[in-house]
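Since every read-out is calculated from the coordinates, none of them should be taken as a lab result. Fair warning: this is a prediction, and the values are worked out from it, not measured in the lab. With ideal geometry, Cβ positions are generated from the backbone for all residues, glycine too; neighbour counts draw on all protein chains shown.
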């Protein structure tokens, strides 16, 4: 007898989560860049910093797309398009972050 949430509510909730998490991950990427610069390091460190800057930009783009999708009231198709692009870009940025973590671990070892 429990009611499942509507599809529109689930999409709205997911968009809010992507907005908040991507904004947080921009800060995480910038913090790690600062730590890597402070510690110095090898060629991998420089490459990792470049990838982290790209990743921060991708998360920032996700944040802006999600925010735009939340602000649009009338154009349902545009709202869905922005939300979907933000979703896919978020997954891609998370994958890139996992690759960067692997590079950082490789440098530490």
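Which length gain, in nm to one decimal place, applies between residue 60 and residue 17 when the Cα-Cα distance is subtracted from 0.36 nm times their residue separation? Please list the in-between numbers first.
Numbers: separation 43, 0.36 × 43 = 15.48 nm, distance 1.39 nm.
The residue 60-residue 17 span can extend by a further 14.1 nm.
Using only Cα atoms, tell me the angle between helix 76-108 and the longest principal axis of the chain; keep it within 0 to 90° and round to the nearest 10.
Once rounded, the angle reads 20 degrees.
Mind giving me the FRET efficiency for residue 9 and residue 47? R0 is 41 Å, r the Cβ-Cβ distance, nearest 0.05 is fine.
After rounding to 0.05, the efficiency reads 0.45.
If I model a spin label at residue 72 and residue 37 as a point 7 Å from the Cα along the Cα→Cβ vector, what separation in nanometres do I get?
3.5
Pairing the Cα long axis of helix 43-71 with the longest principal axis of the chain, what angle in degrees results, from 0 to 90 and rounded to the nearest 10?
Result, in degrees: 10.
Work out Dmax and Rg for the chain from the C-alpha atoms and quote the Rg first, both in angstrom.
Taking only Cα atoms of the chain, I get Rg and Dmax of 17.0, 60 Å.
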